[in-house]
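Heads up: the structure comes next, in structure tokens.
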Amino acid sequence: MLANGVAIVLFERYANGQIGIPTRFDLPLITVTGFFLPIYIILLCAGVTFAIRRLHDRGKSGIWLLVMVFAPFVLFAVDDSSTTSNLLFSLALDILGFTVWAWGLVEIGVLPGTDGNNIYGGNPRGAKDLSR
């Protein structure tokens, strides 16, 4: 997912003219889009697949990925400075959005999977089934 974020930032900067490709001619934006878009789609699919597999390994549904990804964006969008005039409310939304994001990062990247089998299948590490 980090690669997706880097790709988006680089593409945005190229589109805004902040960075360029060091050649004798400047490539049109459509050429760069045609080159990077398939790579981005492949990386996005791989990242989503990995995250859903980790959630299944933890015994959770893949729907939790939507909560982990979109909830912080919604909270940050609600916390637009033009819509919130209360500084404490704005700070609370920022902290809540960061907390949801950090929880998703820990859930997918740090915590171990369930011991034995769960409703999504067997343990990928091949541990004994302790549910019997």
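From the list ALA102, ALA127, pick out the single residue that is modelled with pLDDT under 80 and within 25 Å of PHE50 (Cα to Cα). Talk me through it step by step, then tell me what you get.
Numbers: ALA102 fails: modelled with pLDDT under 80.
From the options ALA102, ALA127, the qualifying one is ALA127.
Determine which member of the set ILE39, ILE63 is surrounded by fewer than 15 Cβ atoms within 10 Å (Cβ to Cβ) and more than 24 Å from GLY122 (Cα to Cα). Full working, then the answer.
Values: ILE63 fails: more than 24 Å from GLY122 (Cα to Cα).
The unique qualifying residue is ILE39.
The values are calculated or read from the model by the stated rules, or taken from the named source; none is laboratory data. These figures come from a predicted structure and were not determined experimentally. Using ideal geometry, Cβ is built from the backbone for each residue, glycine included, and neighbour counts are taken over all protein chains shown.
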